[in-house]
Amino acid sequence: MAHDWIDISQPLTNDIAHWPEDAPFSYSLTVAKKDSGSVNIGQVTTSVHTGTHVDAPFHFDDNGQTIDQLDVNLYVGEAMVIDVSHVDEVTVETLANFSFDGIKRVLLKTSHPNDPTQFPEKIPTLDPRIANLLAEKGVKLLGVNMPSVDALDSKDLATHHALYKNGINILENLMLDKIDQGNYELIALPLAIEGSDGSPVRAVLRPL
């Protein structure tokens, strides 16, 4: 029997948390059926970094690829969820004992609680050196259940840059509270927004 897909995306609501300096998410009707006689038509305004989203390298590198230039195959396929909720900082030592046999996508379940309506004051940190380890293991995508792979007040974005240098793409704000450690099939496709530094995604998992 095939397993059902599990939604691990933050729902995009008008009270979803956003980066303090960023555009909030808003959905509203531009045209109502009662007025048009035939249809409701909605509009969305948002930062591309609100909710569950992919960072394109252009987000932190003027010469980096934009979201429409990224290989869609990165965001579909087998993924490993690793529970690192017992540590405040994810280091090489934290990940050293895991076997990544042929796994190209790793999702880190940190101690950060998933409350999409609250922007956190502090999040667990990722040591930039994990990028080298993950790259050696053949990992191409790192997902986290937090708004960022760097500290919220970081200006140098050391972990973003370390991952990028190692050819590892970034998926943020996953909802992993109810997901057990293990291997899954992942679909987390970004929209092909021309020239964009990121994109919201609908991320889903299915146990293997």
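The values are calculated or read from the model by the stated rules, or taken from the named source; none is laboratory data. The structure presented is a predicted model; accordingly, all values stated were derived computationally and were not measured. Here Cβ is always computed from backbone atoms with ideal geometry, including for glycine, and neighbour counts include all displayed protein chains.
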(message) Can you confirm whether T50 is closer than 23 Å to T13 by Cα and either small (G, A, S) or exposed (fewer than 15 other Cβ atoms within 10 Å of the Cβ) (or both)?
(response) no
(message) Among the residues that make up region 67-85, is at least one of them in contact with a helix residue (DSSP H, G or I) (Cβ under 6 Å, 6 or more places away or on another chain) and not in a strand (DSSP E or B)?
(response) yes
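Determine, yes or no, whether E121 is farther than 19 Å from R206 by Cβ, out of contact with any helix residue (DSSP H, G or I) (no Cβ under 9 Å at 6 or more places or on another chain) and not in a loop (DSSP other than H, G, I, E, B). Please lay out each step first, then the result.
Numbers: farther than 19 Å from R206 by Cβ: yes; out of contact with any helix residue (DSSP H, G or I) (no Cβ under 9 Å at 6 or more places or on another chain): yes; not in a loop (DSSP other than H, G, I, E, B): no.
Criteria not met by E121.
Residue check: is S28 modelled with pLDDT of 95 or more, among the small types (G, A, S), assigned to a loop (DSSP other than H, G, I, E, B) and at negative phi?
Here the answer is no, as S28 does not meet what is asked.
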(message) Just to verify a result, which residue in region 130-144, among those that are more than 16 Å from the chain's Cα centre (by Cα) and not in a helix (DSSP H, G or I), is nearest to L186 (Cα to Cα)?
(response) G138
(request) Could you check, for region 142-162, whether at least one of its residues is exposed (fewer than 14 other Cβ atoms within 10 Å of the Cβ) and over 24 Å from D22 (Cα atoms)? (result) no
(request) Under 9 Å between Cβ atoms, at least 6 apart or on separate chains: pull out the pairs that start in region 1-18 with a residue that is farther than 14 Å from S47 by Cα and end on any residue that is loosely packed, with under 10 Cβ neighbours inside 10 Å. (result) I6/K178; I8/K178
(request) Determine whether region 95-114 contains at least one residue that is within 17 Å of the chain's Cα centre (by Cα), surrounded by fewer than 19 Cβ atoms within 10 Å (Cβ to Cβ), at pLDDT 95 or above and not in a loop (DSSP other than H, G, I, E, B). (result) no
(request) Please state which one of L12, L29 is within 26 Å of G195 (Cα to Cα) and in contact with a Gly (Cβ under 9 Å, 6 or more places away or on another chain). (result) L12
(request) Hey, can you tell me all the residues within region 141-156 that are over 16 Å from P124 (Cβ atoms) and either in contact (Cβ under 8 Å) with a residue 60 or more places away in the chain or in contact with a Cys (Cβ under 6 Å, 6 or more places away or on another chain) (or both)? (result) L141
(request) Consider Y184 carefully, then state whether it is assigned to a strand (DSSP E or B), among the hydroxyl-bearing types (S, T, Y) and buried (at least 20 other Cβ atoms within 10 Å of the Cβ). (result) yes
